[in-house]
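> Here you go, one structure.
The values are calculated or read from the model by the stated rules, or taken from the named source; none is laboratory data. Just so you know, these numbers come straight off a predicted model, no measurement behind them. Using ideal geometry, Cβ is built from the backbone for each residue, glycine included, and neighbour counts are taken over all protein chains shown.
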């Protein structure tokens, strides 16, 4: 089945579909983010073992399966990601400007969100990455 495209409409069907595999607290904060940044979209929520290990091998992640918050499962063994990767949808294309992520992070900090931004990490800057704090 073909996945819907991302849309800067108030409701993005593709983002909502990806949020089905996210922790409910994280999904709440994504809705809050999207209420202020309609051009913010999800590129990744939950990752399976093959994808996570590929990201590790390619240097896109510092963690192998199952140690990333993208790999979290709930008590039923179902995907329940505690991390998301975002991008900016501009003219129908995915963009990854650091200023965009800084603005989102400042917004989350101003609202006391329990979210940690990968751009704040000292060793491995992962600007698109946002995760629930432990």
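> Assess whether residue 38 counts as being more than 18 Å from residue 127 (Cβ to Cβ) and in contact (Cβ under 8 Å) with a residue 24 or more places away in the chain.
On the way: more than 18 Å from residue 127 (Cβ to Cβ): yes; in contact (Cβ under 8 Å) with a residue 24 or more places away in the chain: yes.
Yes: the conditions hold for residue 38.
> Restricting the first residue to segment 1-22 and requiring it to be exposed (fewer than 15 other Cβ atoms within 10 Å of the Cβ), which pairs with a second residue that is modelled with pLDDT under 90 and in a loop (DSSP other than H, G, I, E, B) meet a Cβ separation below 6 Å and a spacing of at least six or different chains?
Filtered contacts from segment 1-22: 13/4.
> Here's something else I'd like to know. Being assigned to a loop (DSSP other than H, G, I, E, B), in contact with a strand residue (DSSP E or B) (Cβ under 6 Å, 6 or more places away or on another chain) and under 22 Å from residue 119 (Cα atoms) is true for just one of 65, 46. Which residue is that? Reasoning before the result, please.
Details: 65 fails: in contact with a strand residue (DSSP E or B) (Cβ under 6 Å, 6 or more places away or on another chain).
Result of the check over 65, 46: 46.
> Given (1) assigned to a helix (DSSP H, G or I); (2) in contact with a helix residue (DSSP H, G or I) (Cβ under 8 Å, 6 or more places away or on another chain), where does residue 131 come up short, assuming only one miss?
(1)
Each row is one residue, and each column tells you yes or no for (1) farther than 22 Å from residue 134 by Cβ; (2) in a helix (DSSP H, G or I).
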| residue | (1), (2) |
| --- | --- |
| 16 | yes, yes |
| 30 | no, yes |
| 41 | yes, no |
| 52 | no, yes |
| 70 | no, yes |
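> Starting from residues that are out of contact with any helix residue (DSSP H, G or I) (no Cβ under 6 Å at 6 or more places or on another chain) and under 12 Å from residue 29 (Cβ atoms), keep the ones in segment 77-103 and report whichever is surrounded by the most Cβ atoms within 10 Å (Cβ to Cβ). Write out each step before concluding.
Of the residues in segment 77-103, the ones out of contact with any helix residue (DSSP H, G or I) (no Cβ under 6 Å at 6 or more places or on another chain) are 77-80, 84-87, 89-100, 102-103.
Now restrict to residues that are under 12 Å from residue 29 (Cβ atoms): 84, 86.
Values: 84: 30, 86: 25.
The qualifying residue surrounded by the most Cβ atoms within 10 Å (Cβ to Cβ) is 84.
> Now for a different question. Against the conditions (1) over 15 Å from the mean Cα position of the chain (by Cα); (2) within 16 Å of residue 127 (Cα to Cα), where does residue 67 fall short? Just the number, please.
(2) is the only condition that residue 67 fails.
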